[in-house]
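This report concerns only the one structure given below.
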Amino acid sequence: MSDIPAGLEALNYSFAGQRAAGHFAPVLVGVVGSGNLEVLMEPAAGSNCDIHIETSARGFGTIWEAVMRDFHQRHPLAGVRVSINDMGATPAVVSLRLDQAVSELTP
Amino acid sequence: MSALDTAKVSVSYAECSARERIARLVDAESFHEWLPPAERVTSPHLAQLGVPSAFDDGVAIGRATLAGRPVFIAAQEGEFMGGGVGEVHGAKLVGLLRRALRDRPDAVLLLAESGGVRLHEANAGLIAVSEVMRALLDVRAAGIPVVVLIGGANGCFGGMGIVARCADRVVMSDMGRLAMSGPEVIEASHGVDEFDSRDRALVWRTTGGKHRWLSGDCDVLVEDDVTAFRDAAIAALDASMPVTLARLELEHALLASRLRLLPEHVAGDEAVALWARLGVADASRVAELDVDAVRALRTV
Amino acid sequence: MNRTHWNTKADNRAARLARVADALGARQTGKRVATDAIVALLEAALEPGDRVCLEGNNQKQADFLAQSLMQVNPERVHGLHMVQSVLALPEHLDVFENGIASRLDFSFSGPQGAHLAKLVSANRIEIGAIHTYLELFARYFVDLTPKVALVAAHAADAQGNLYTGPNTEDTPAIVEATAFSGGIVIAQVNEWVDGTTTTLPRVDIPADWVDFVVVAPRPNFIEPLFTRDPAQIIEIQVLMAMMAIKGIYAEYGVQRLNHGIGFDTAAIELLLPTYGESLGLKGKICKHWALNPHPALIPAIEAGWVESVHSFGSELGMEEYIRARSDVFFTGRDGSLRSNRAFCQAAGHYACDLFIGSTLQIDLDGNSSTATLGRIAGFGGAPNMGADARGRRHASPAWLKAGREARAGRSGAAGTPRGQKLVVQMVETFREHMQPAFVERLDAWTLQEQANMAVPPIMIYGEDVTHILTEEGIANLLLCRSDAEREQAIRGVAGYTAVGLARDRRMVENLRDRGVIRRPQDIGIDAREATRNLLAARSVRDLVRASGGLYNPPMRFRHW
Amino acid sequence: MDWNTLATALFGADHGITQEGDLLRGTVHFDREPLAVIGTTNHAPIGVRLALAQARAVLDTIAQHPGRPMLLLIDTQGQQLRRRDELLGINRAMAHLGMAIDLARRRGHRMLGLVYDQALSGGFITSGLIADACDALPEAEIRVMRIPAMARVTKLPEATLNALSQTNPVFAPGVGNYVAMGGVRALWQGDMPAALREALANAPVDDRRALDGQERGGRRLSASVVQRVLDAA
């Protein structure tokens, strides 16, 4: 842990969505624990998929961007706000939580 | 894979997240959350220490029905900061208890999993835990049973270990732990000879559900199974036991006699010695017995 | 050479035994030596420069003899050449600090790896070579024969017969090499049996291979190395285990195999009776194992999947379970496990169709290594398990299919029909703290420069690796036909590591079309089904239950 | 401050409080009214035995002297860190002490805590912190954990924590921080009897520490979060 500088890193991504998510009850999956994260998905105005990440593992922006791009390619949701609190989850765990969240979206 | 699902009858309480525990414990779809994650009522203190916050600050609270009856429920998430109580986390618990005093549900269920005070906001956490105690005792005095359920991997320690013992009823699984200071803290302070925290069997003999059952520190001992916890919670719905002077005198007598029962120095394992002196048959075999067998051994 | 005397070894041995008798006097009765005479025994039996095997196994340690060797007078005993498989205890290196030993040939240094690297850079130690277990045992019979062996057993009788208990491990190989080349064998034991009121449960090492026996003041140290708590297995590992079972074991019909240690492979073991069963694979895969007695295998054994398990060593807590499952495990007439590292290594190398294990780093050639900077650790048995057995001649469907895939379309020597062992590297693309498992250049190369090694310490050569399995997919390297394809196949499963992000996307999709790369969905796996509920045991206690109470886990794993 | 000095300042030299080991106990007269004094000294670690001894004193007062106010004098290094105490249920003994104090309040006893030397986490959570109000002397020390220990636990540099503690009272030791957060109601300065008199007269019976923390700016969220729960749909 000592190699990780103190302070959180905040990252924001926005993708133009294609599939309207419509209205749904906010969904939370995952837990903010070591090597894990929580993903909160909420309906939002507009046709974007806006993603906000706060992570304790600094310096992995490139990877987050690629993970989010691929996620949006799998699920090109529109009108969705994704918020993430991360405690050093690997990309595999991040992708899994995102997919789990999408699978719980119920109009 | 349907064959698998039907074969799997038991869901481990320890393995569930706080939210899964609530969902499986109360009547299906009955949980209504207050200050849910989307409201983002989070800790204002963690970010400056480089720690991400959680949208619920590690505790979910709300109302639900249990066997059709209205209850309030809170569940601490042990994976987030070890379930530590911070300013917001504590205030959510206090708010729930105050609201119970006002709205008078049939019971308040507290699914405790906590290392106690969250050190990253230690002063606020300490005060908050004492506020939880006072609010809990107000609810208890009003005749609304407060039931604490303990079965998470992180146990119930520190201030929350005291809170648990302020409740009307304590339900534990044998995987659960209930104590004050964690074994690591004691080992760090007094050395490995005082408490070898890596000797997990010793840790459980000292703090685990079986010991708490045999010594009377919990009221119900269940398997590590969500349904067992649900059944125990239903059975506790009418378990109100307001604090009276007579009851505290009984409590005092029990604790004082237990203190006399265990000499400062005993040969062999202290837990086994205490059980034996409590009259538990086969005290040396407790560790290997299953929950059913241990349940039958209680003498207090 | 005009040699007239051909029995110098026997003469030397006789001289040593005479010196010992002289030094010990009444403290020696037959082969039995008083505990407090151990240092005197060592000083009399050892000569400067001797080649000495101080038994350090993966698990069992001759710890009392190691501590005693530290106490000999360095003026009498020095410059020893240590030949031992594992450097596990601090004493194993302390003997180099004070000059008692100077040269080392070994296999694995595990927790002492950093200390060893420091000694090497300070020129306090001269390393002959780092071997695999089997390779080192082989050299015991060629040019690294011990003059003195210091071994550990559980009990001895008056004649000097040794009972090792379940952790026989290296002892037979060491003692055989020493005893039949004029050397001296000294054993530490936990117990002495008198032969009348108490007897040895069985004989693991016959008495006439043993010269001296000493009762140690404390039982020899054994560490539980192969217990993985199922509670710590995460969903990603479940997914990867599903991919291994469906995408490799089922595809090739793998009947005989070896698993490395780790949560990834523990997940496979725990998925056999659930996921494997649901695929109808029982009886078709995973029947014969070269494997330590992994507690994680209990549910599969109980479900009737496993016909046989031969073991390198044992595992604490598995004693009674093994005893009650003698159809499956190799046990003595006394009922307890008989392990044997040399034979099990041979079994894993020649008689298994698949090895699957994890690593820390994989490069673009598929070379993989657990070597990290500042540590000289060695690899123990992994290179023997994770290498094609070029001497193998018997066929099996899995071996033939792998061989066909490797040779299809090739001609000449490369196309000559033969099978190939399946060697699978199973890694998550990132380890803890976001350490990438895929790298452009292995740390092994830097370590080679630092420690002045002849070759970089590569655990498993890319040429031997047939599959790389990550959460992103399986790369079948058998099907690659050029270095470029191989590189893209590896990049194509390297996820979001820098190596993975630098993939040629078009080429990777082509490889996927050809089945060189297969994603979970390509083999019919829905990642959302990969939950911990699929594990046949989700905690150590579940394992105890599955064993019918026969498995007795070590204290550190008892969370109840 | 030495407990005897404090007692003499409050109740005169013949205060009648006695020390048995680490336990303080006695009945004093203050403004001609009897007042029960219960407490600890020598920075006592609170184990099962000491928690029970204090609870005994509280229960005796409830039984024998209905309505008599009680003053809890606090000096503790925290809970006893011993395996034996854990085995014997130290958390239950602490809870028992807390419930005794809480019951006394419900039965009309005025319950006051005073940190006169030092108070650490588990040592006073079920004494001073569960009384009607907890006051402190200005030189008292209150904390959960010192900053070096906290640095080890949180894996954050000490310098960072020290810097942050200047602006945020939430984790740094210090009696002032506890006042700002509402955990300590007031500091007793100067005239000790006047301070006690004020406390006996004005300490609230209901728990308003969150409101104090909000008003004093040391704990800005607690009260509003409680209110949000009460108001939530």
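Answer with yes or no whether residue B:90 is touching a residue at least 60 places away in the same chain (Cβ under 8 Å), of a type outside the set (D, E, K, R), within 9 Å of another protein chain (Cβ to nearest Cβ) and outside any loop (DSSP other than H, G, I, E, B). Working first, answer last.
On the way: touching a residue at least 60 places away in the same chain (Cβ under 8 Å): no; of a type outside the set (D, E, K, R): yes; within 9 Å of another protein chain (Cβ to nearest Cβ): yes; outside any loop (DSSP other than H, G, I, E, B): yes.
In short, no.
Residue B:73 is checked against (1) over 23 Å from residue D:229 (Cα atoms); (2) out of contact with any Asp or Glu (no Cβ under 9 Å at 6 or more places or on another chain); (3) of a type in the set (A, V, I, L, M) and fails just one. What number does that condition carry?
(1)
Among the residues of the stretch D:207-227, is there at least one that is at the interface with another protein chain (Cβ under 10 Å from one of its Cβ atoms), among the basic types (Lys, Arg), over 20 Å from residue D:124 (Cα atoms) and without any contact (Cβ under 8 Å) to a residue 40 or more places away in the chain?
Yes; the residues of the stretch D:207-227 include at least one that is at the interface with another protein chain (Cβ under 10 Å from one of its Cβ atoms), among the basic types (Lys, Arg), over 20 Å from residue D:124 (Cα atoms) and without any contact (Cβ under 8 Å) to a residue 40 or more places away in the chain.
For the stretch C:82-164, which strands (runs of 3 or more DSSP E) that fit wholly inside it have 3 or more residues that are under 19 Å from residue C:342 (Cα atoms)?
Result: C:101-108, C:148-156.
Take the stretch B:133-159 and flag every residue that is more than 8 Å from every other protein chain (Cβ to nearest Cβ), outside any strand (DSSP E or B) and within 20 Å of residue B:248 (Cα to Cα).
Selection gives B:136, B:138, B:139, B:140, B:142, B:143, B:144, B:145.
Name the pairs: first residue in the stretch C:547-560 and at the interface with another protein chain (Cβ under 7 Å from one of its Cβ atoms), second residue of a type in the set (Gly, Ala, Ser) and surrounded by 22 or more Cβ atoms within 10 Å (Cβ to Cβ), Cβ to Cβ under 9 Å, at least 6 apart or on different chains?
Filtered contacts from the stretch C:547-560: C:557/C:317; C:559/B:14; C:559/B:208; C:559/C:539; C:560/B:173; C:560/B:208; C:560/B:209; C:560/C:539.
Here is a yes/no grid of residues against (1) within 12 Å of chain A (Cβ to nearest Cβ); (2) surrounded by fewer than 21 Cβ atoms within 10 Å (Cβ to Cβ); (3) free of Cβ contacts under 8 Å to residues at least 40 places away in the same chain; (4) not aliphatic (A, V, I, L, M):
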residue	(1), (2), (3), (4)
B:29	yes, yes, yes, yes
B:33	yes, yes, yes, yes
B:56	yes, no, yes, yes
B:61	no, no, yes, no
B:69	no, yes, no, yes
B:74	no, no, yes, no
B:81	yes, no, yes, no
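Can you name every residue in the stretch D:167-185 that is polar (S, T, N, Q) and farther than 16 Å from residue D:146 by Cβ?
D:167, D:168
Any residue at all in the stretch B:253-266 that's touching a residue at least 60 places away in the same chain (Cβ under 8 Å) and within 13 Å of chain D (Cβ to nearest Cβ)?
If we filter the stretch B:253-266 for residues that are touching a residue at least 60 places away in the same chain (Cβ under 8 Å), which is where we start, we get none.
No.
Give me the residue from the stretch D:25-54 that is surrounded by fewer than 17 Cβ atoms within 10 Å (Cβ to Cβ) and in contact with a Ser or Thr (Cβ under 8 Å, 6 or more places away or on another chain) and, out of that set, nearest to residue D:198 (Cα to Cα).
Looking at residues that are surrounded by fewer than 17 Cβ atoms within 10 Å (Cβ to Cβ) and in contact with a Ser or Thr (Cβ under 8 Å, 6 or more places away or on another chain), I get D:34.
When you go through C:379, C:343 one by one, which is the residue that is closer than 30 Å to residue C:432 by Cα and of a type in the set (Phe, Trp, Tyr)? Break it down stepwise before answering.
Numbers: C:343 fails: closer than 30 Å to residue C:432 by Cα.
Being closer than 30 Å to residue C:432 by Cα and of a type in the set (Phe, Trp, Tyr) holds for just one of C:379, C:343, which is C:379.
In the stretch D:177-192, is there at least one residue being within 11 Å of chain B (Cβ to nearest Cβ) and without any contact (Cβ under 8 Å) to a residue 12 or more places away in the chain?
No.
For the stretch C:495-505, give me the residue count where each residue is assigned to a helix (DSSP H, G or I) and either in contact with a Lys or Arg (Cβ under 9 Å, 6 or more places away or on another chain) or free of Cβ contacts under 8 Å to residues at least 24 places away in the same chain (or both). Even if it seems obvious, please write down each step before you answer.
Step one: list which residues in the stretch C:495-505 are assigned to a helix (DSSP H, G or I), which gives C:498-501, C:505.
Remaining after also requiring either in contact with a Lys or Arg (Cβ under 9 Å, 6 or more places away or on another chain) or free of Cβ contacts under 8 Å to residues at least 24 places away in the same chain (or both): C:499-501, C:505.
So the answer is 4.
Can you tell me which residues in the stretch C:156-184 are more than 24 Å from the chain's Cα centre (by Cα), of a type in the set (A, V, I, L, M) and buried (at least 21 other Cβ atoms within 10 Å of the Cβ)? Lay out the reasoning, then the answer.
From the stretch C:156-184, those more than 24 Å from the chain's Cα centre (by Cα) are C:156-161, C:179-184; that's our starting set.
From the residues that got through so far, the ones that are of a type in the set (A, V, I, L, M) too are C:156, C:158, C:179, C:184.
Within the stretch C:156-184, C:156, C:184 qualify.
Residue under question is residue D:197, and the condition is that it be of a type in the set (Lys, Arg) and either within 15 Å of residue B:130 (Cα to Cα) or at pLDDT below 95 (or both); does it hold?
On the way: of a type in the set (Lys, Arg): yes; either within 15 Å of residue B:130 (Cα to Cα) or at pLDDT below 95 (or both): no.
When the stated conditions are applied, residue D:197 does not pass them.
Among the residues of the stretch D:83-105, write down those that are more than 7 Å from every other protein chain (Cβ to nearest Cβ) and either surrounded by fewer than 24 Cβ atoms within 10 Å (Cβ to Cβ) or farther than 21 Å from residue D:42 by Cα (or both). Give the steps one after another, and end with the answer.
If we filter the stretch D:83-105 for residues that are more than 7 Å from every other protein chain (Cβ to nearest Cβ), which is where we start, we get D:85, D:97, D:101, D:104-105.
Result: D:101, D:104, D:105.
Somewhere in the stretch D:83-106, is a residue farther than 16 Å from residue B:243 by Cβ, part of a loop (DSSP other than H, G, I, E, B) and among the acidic types (Asp, Glu)?
As a first pass, look at the stretch D:83-106 and keep what is farther than 16 Å from residue B:243 by Cβ: D:83-91.
Okay, now just the ones that are also part of a loop (DSSP other than H, G, I, E, B), so D:88-89.
Next cut, among the acidic types (Asp, Glu) only: none.
No, every residue in the stretch D:83-106 fails to be farther than 16 Å from residue B:243 by Cβ, part of a loop (DSSP other than H, G, I, E, B) and among the acidic types (Asp, Glu).
Restricting the stretch C:410-448 to residues that are in contact with a strand residue (DSSP E or B) (Cβ under 7 Å, 6 or more places away or on another chain) and more than 20 Å from residue C:486 (Cα to Cα), which is farthest from the other protein chains (Cβ to nearest Cβ)?
C:444
For the stretch C:249-260, indicate whether the set of residues that are touching a helix residue (DSSP H, G or I) at 6+ places or on another chain (Cβ under 6 Å), of a type in the set (Phe, Trp, Tyr) and away from chain A (no Cβ under 14 Å) is non-empty. Give the steps one after another, and end with the answer.
Here is the first cut: in the stretch C:249-260, the ones touching a helix residue (DSSP H, G or I) at 6+ places or on another chain (Cβ under 6 Å) are C:252-254, C:258-259.
Adding the requirement that they be of a type in the set (Phe, Trp, Tyr) leaves C:252.
Within this subset, residues satisfying the condition of being away from chain A (no Cβ under 14 Å) are C:252.
Within the stretch C:249-260, one or more residues are touching a helix residue (DSSP H, G or I) at 6+ places or on another chain (Cβ under 6 Å), of a type in the set (Phe, Trp, Tyr) and away from chain A (no Cβ under 14 Å).
Among what's in the stretch B:161-197 and is touching a strand residue (DSSP E or B) at 6+ places or on another chain (Cβ under 9 Å) and charged (D, E, K, R), pick the residue that is farthest from the other protein chains (Cβ to nearest Cβ).
So, considering only residues that are touching a strand residue (DSSP E or B) at 6+ places or on another chain (Cβ under 9 Å) and charged (D, E, K, R), the one farthest from the other protein chains (Cβ to nearest Cβ) is B:169.
Can you tell me how many residues in the stretch C:469-494 are closer than 23 Å to residue C:530 by Cβ, without any contact (Cβ under 8 Å) to a residue 60 or more places away in the chain and among the acidic types (Asp, Glu)?
1
Check the stretch A:82-95 and report whether any residue there is under 20 Å from residue B:42 (Cα atoms), outside any strand (DSSP E or B), touching a residue at least 24 places away in the same chain (Cβ under 8 Å) and at the interface with chain B (Cβ under 10 Å from one of its Cβ atoms).
Checked against the condition, which is being under 20 Å from residue B:42 (Cα atoms), outside any strand (DSSP E or B), touching a residue at least 24 places away in the same chain (Cβ under 8 Å) and at the interface with chain B (Cβ under 10 Å from one of its Cβ atoms), the stretch A:82-95 yields at least one hit.
With the structure loaded, tell me whether residue C:475 is in a loop (DSSP other than H, G, I, E, B), modelled with pLDDT of 95 or more and buried (at least 19 other Cβ atoms within 10 Å of the Cβ) or whether it fails that test.
On the way: in a loop (DSSP other than H, G, I, E, B): no; modelled with pLDDT of 95 or more: yes; buried (at least 19 other Cβ atoms within 10 Å of the Cβ): yes.
Taking the combined requirement at face value, the residue does not satisfy it.
What is the one condition in (1) more than 19 Å from residue C:234 (Cα to Cα); (2) part of a helix (DSSP H, G or I); (3) out of contact with any Pro (no Cβ under 6 Å at 6 or more places or on another chain); (4) within 11 Å of chain C (Cβ to nearest Cβ) that residue A:73 does not satisfy?
(4)
Would you mention how many residues in the stretch C:506-540 are at pLDDT 95 or above, within 14 Å of another protein chain (Cβ to nearest Cβ) and not in a helix (DSSP H, G or I)?
Residues flagged as at pLDDT 95 or above, within 14 Å of another protein chain (Cβ to nearest Cβ) and not in a helix (DSSP H, G or I) within the stretch C:506-540 amount to 6.
Are there any strands (runs of 3 or more DSSP E) wholly within the stretch A:1-68 with 3 or more residues that are over 19 Å from residue A:87 (Cβ atoms) and away from every other protein chain (no Cβ under 12 Å), and if so which? Don't jump to the end; show me each part of the working.
Numbers: elements: A:9-16, A:27-30, A:37-43, A:48-55.
Of the strands (runs of 3 or more DSSP E) lying wholly inside the stretch A:1-68, those with at least 3 residues that are over 19 Å from residue A:87 (Cβ atoms) and away from every other protein chain (no Cβ under 12 Å) span A:9-16, A:48-55.
The values are calculated or read from the model by the stated rules, or taken from the named source; none is laboratory data. Only a predicted model underlies this, so the values are computations on that prediction, with no experimental measurement involved. Please note: Cβ atoms are built from the backbone with ideal geometry, for glycine as well, and neighbour counts cover all protein chains shown.
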